[in-house]
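The values are calculated or read from the model by the stated rules, or taken from the named source; none is laboratory data. A quick note: this is a predicted structure, and the numbers were derived from the prediction, not measured. Because the Cβ atoms are built from the backbone with ideal geometry, glycine has one as well, and the counts that use them run over all protein chains shown. Only protein heavy atoms, including side chains, enter the accessible area calculation; ligands, DNA and RNA are left aside. Shrake-Rupley method; radii C 1.70, N 1.55, O 1.52, S 1.80 Å.
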Amino acid sequence: MDIIDFLMQGFSIALTPTNLLMAMIGCLLGTIVGALPGVQPSGAIALLLPLGATLEPTSAIIMLAATYYGGMYGGTLTSVLVNIPGEPSSVATTFDGYKMALKGQAGKALGIAAIGSWIAGTVSVFGLMLFAPPLADIAVSFGPPEYLALALVGLTMMTTIGRSSPIKAALMCVLGLLLSTIGTDPIVGTSRFSFGNINLLGGLDFLPIMIGLFGLAEIFDILAHRTRVDPLKTPLRGLLPNREDWRNASWSVGRGGLLGFFVSLAPGAGPTVSSLLAYGVEKRVAKRRNLLGTGIVEGVAAPESANNAAATGVMVPMLTLGIPGSASTAVLLGGLMMWGIQPGPLLIPEHPDIFWGLVASMLIGNLMLLIINLPLVPVFAKALQVKPTTLVPIVMAVALAGTYSLNNNLFDVLVAVVAGAIGYVLMQHKFPAAPLVLGLVLGPLVEKSLRQSIQMGGGQHRHPLHQAGCCCVLADRCGAAGVRTYHAAGQ
């Protein structure tokens, strides 16, 4: 039976009324959860596991997966409308999406995000279907040196994702790297920079800092300057992207989708890293790269396409190797094992209904997201016509409530408020917050990969004969001459 036959079998499973309903429920829940700051799809998936236990395994995994990739689009809503990323993967969307909203183009930003996400997500599903086994082989060959190289490539983007001077961007990236060292040492397990505070033993949570830097800082700026922001008077016609917008965004969608899919094949490099890298690539190669950060469609299309493609890409190592590439796929992995299904090389031959039903449902689910969200773009855009005196308290309450819901801990709320105050100061002195976020995201990966690479190398320079497979201890003690004598003796 060839791939076409398997895919038709998958559609026969996914198109049953029960599985269509599960996909619809997952898409709706994912969109809602993604739009709530601080509430991640992994948490929603975990809460749905008891319900999934009462369903057939295929129906349950379809619902849980739809919740995951639905959350990727949901995070776009608050990123564009109120400059608060609903998900970490939506941080890069705020760079241009919110600027477009301020110019009365929120509808275009949301439309580009919806259609670009559908295109990238659909193409990535075909990538999952066609290339899962060989791409999984490539991903599993990644070791600490390869992860370090990937992270360093990401850090080189730091000077391109801010519109201020490269020196200021570099300083902010270094600050992010320093903040990422707070908590427990990833190699030896000792505490660092916690100052006796047990809340810091696990490090600074990414989401409170992100909510503070991007959302609360904007609110503090309005309150401090008593700025009177008039509601946007955007007519409903002309809200969706036009032909010129698509000419500008088409290459960004393609580049973002491909980069998001392939980067996410490496476990640990999920939608957040993919979206930031995609935006950095656009700053280097886009035709209108000098306008990125001022509110253009390319700045929304690239990261949104990347994070939705990555939501599919992380399924490759999870399904074919049993290695989760993100928190959400880790929960999905646990769900599969709860039903007695072991992800790995034998998943496809032993449970073709699970794999091909999931593949077909993802194609259907991405189309459902487009159908659900595209007609609602004018409704979402109308939210910007609410008076600031009404909108600001609501945004503040939602942001702080979402922050508290992460761990039910007031310390996270304090972190968000402090990050908001710091973000406000940075805004006044023209320091970009985006490189700080990049350093904070990539910092743990850089440190862990670097130290593991050093351990792999013995922490010292080796003689070239080591690369030929010679005994490390012999070379260290006897030098090259001793190694040659050892081999000459036929050892």
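Odds and ends about this structure:
- Scanning the stretch 13-35 for residues that are among the hydroxyl-bearing types (Ser, Thr, Tyr) and either in contact with an Asp or Glu (Cβ under 7 Å, 6 or more places away or on another chain) or free of Cβ contacts under 8 Å to residues at least 12 places away in the same chain (or both) yields a single hit, Thr16.
- All helices (runs of 4 or more DSSP H) inside the stretch 241-314 with 2 or more residues being of a type in the set (Phe, Trp, Tyr): 243-263
- Residues of the stretch 68-95 satisfying the condition of being open to solvent by 10 Å² or more (accessible area, probe 1.4 Å), farther than 19 Å from Gly313 by Cα and assigned to a helix (DSSP H, G or I): Leu77, Thr78, Leu81, Phe95
- Matching residues in the stretch 163-200 - criterion: being in contact with a strand residue (DSSP E or B) (Cβ under 9 Å, 6 or more places away or on another chain) and at positive phi: Gly183, Phe193
- Condition met for Ser328 (closer than 30 Å to Ala419 by Cβ, at pLDDT below 85 and buried (at least 22 other Cβ atoms within 10 Å of the Cβ)): yes
- Being over 22 Å from Val91 (Cα atoms), loosely packed, with under 12 Cβ neighbours inside 10 Å, out of contact with any Ser or Thr (no Cβ under 8 Å at 6 or more places or on another chain) and at pLDDT 55 or above is a description that does not apply to Gly469.
- Matching option when the condition is at pLDDT 80 or above, crowded, with 24+ Cβ neighbours inside 10 Å and hydrophobic (A, V, I, L, M, F, W, C), among Ala311, Ala286, Ala269: Ala311
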